[in-house]
Amino acid sequence: MIVTIGGPIGSGKTTVAKAIARRFNLRHISAGSVFREMARERGMSLEEFSGLAEKDPSFDKIVDERQRELASEGDAVVDGRLSGRFIDADVKIWLTAPLELRVGRVARREGKDPREAEREVKRREESEALRYKSLYGIDLYDTSGYDVVLNTALWDAEGVVKIIETLLEVKL
């Protein structure tokens, strides 16, 4: 089984993907982790690295190709903004939430001031939307290719995981 979980920054992709991977004994593949590692290797913040990626599309292509390669081995949950666009998955899920909630999650996760987190989230999302449109002709927020769209503001993480578990159990 292959499941993709996409969504904007702070929507809960990684939290949910890790839980689903544990529950169904699947590998967890995170596009965000690959991108963060690439930024760390260069001594850059995510925002700085996003700016670099705007100028050099090879960075996004490396991340996208890596997650496609890993997913091709099967039995995985792949979380990333474009995972559902590039990976032939059994179930494609898009998570969403209002900006204010997502910014709060990012601020807590990264130990940042909420105003700084909001500025960074907005900048990264603008950068990604431009890059993905330019690189692949993709409207990042077009969810028509997804099987399920969930607003994670309506449930806590455990509730979202239970909903997805139920969907996958019915699919199996």
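The values are calculated or read from the model by the stated rules, or taken from the named source; none is laboratory data. Quantities reported herein were computed from a predicted structural model and do not represent experimental measurements. With ideal geometry, Cβ positions are generated from the backbone for all residues, glycine too; neighbour counts draw on all protein chains shown.
Worth a mention:
- Looking across the range 109-129, the residues that are over 22 Å from Ala157 (Cβ atoms) and without any contact (Cβ under 8 Å) to a residue 60 or more places away in the chain come down to Asp113, Arg115, Glu116, Arg119, Lys122, Glu126, Ala129.
- Residue in the range 89-102 that is assigned to a loop (DSSP other than H, G, I, E, B) and surrounded by fewer than 16 Cβ atoms within 10 Å (Cβ to Cβ) present: yes
- Residue, nearest to Phe35 (Cα to Cα), within the range 77-108, restricted to residues that are of a type in the set (Lys, Arg) and in contact (Cβ under 8 Å) with a residue 60 or more places away in the chain: Arg81
- Listed by first and then second residue, the pairs with beta-carbon distance under 8 Å, at least 6 apart or on different chains, first residue in the range 34-56 and on the phi > 0 side of the Ramachandran plot and surrounded by 12 or more Cβ atoms within 10 Å (Cβ to Cβ), second of a type in the set (S, T, N, Q) and outside any loop (DSSP other than H, G, I, E, B), form an empty list.
- Residue check, Glu100 at pLDDT 85 or above, under 25 Å from Leu150 (Cα atoms) and out of contact with any Cys (no Cβ under 7 Å at 6 or more places or on another chain): yes
- The residues listed here are Asp88, Asp79, Asp60; of these, the one that is under 21 Å from Gly145 (Cβ atoms) and at pLDDT below 85 is Asp60.
- Selection status of Ser30, among the hydroxyl-bearing types (Ser, Thr, Tyr) and either modelled with pLDDT under 85 or surrounded by fewer than 16 Cβ atoms within 10 Å (Cβ to Cβ) (or both): no
- One residue alone among Leu154, Leu150 is farther than 21 Å from Gly51 by Cβ, at pLDDT 95 or above and in contact with a strand residue (DSSP E or B) (Cβ under 9 Å, 6 or more places away or on another chain), and that residue is Leu150.
- With respect to the conditions (1) surrounded by fewer than 14 Cβ atoms within 10 Å (Cβ to Cβ); (2) in a strand (DSSP E or B), Lys133 falls short on a single one, namely (2).
- The range 57-88, residues that are buried (at least 16 other Cβ atoms within 10 Å of the Cβ) and polar (S, T, N, Q): Gln67, Ser83
- Residue tally, condition on the phi < 0 side of the Ramachandran plot and either modelled with pLDDT under 95 or over 19 Å from the mean Cα position of the chain (by Cα) (or both), over the range 106-118: 7
- When Arg27 is tested against (1) in contact (Cβ under 8 Å) with a residue 40 or more places away in the chain; (2) closer than 23 Å to Val103 by Cα, only condition (2) is not met.
- Selection status of Asp139, over 23 Å from Ile20 (Cα atoms), at pLDDT 90 or above and in a loop (DSSP other than H, G, I, E, B): yes
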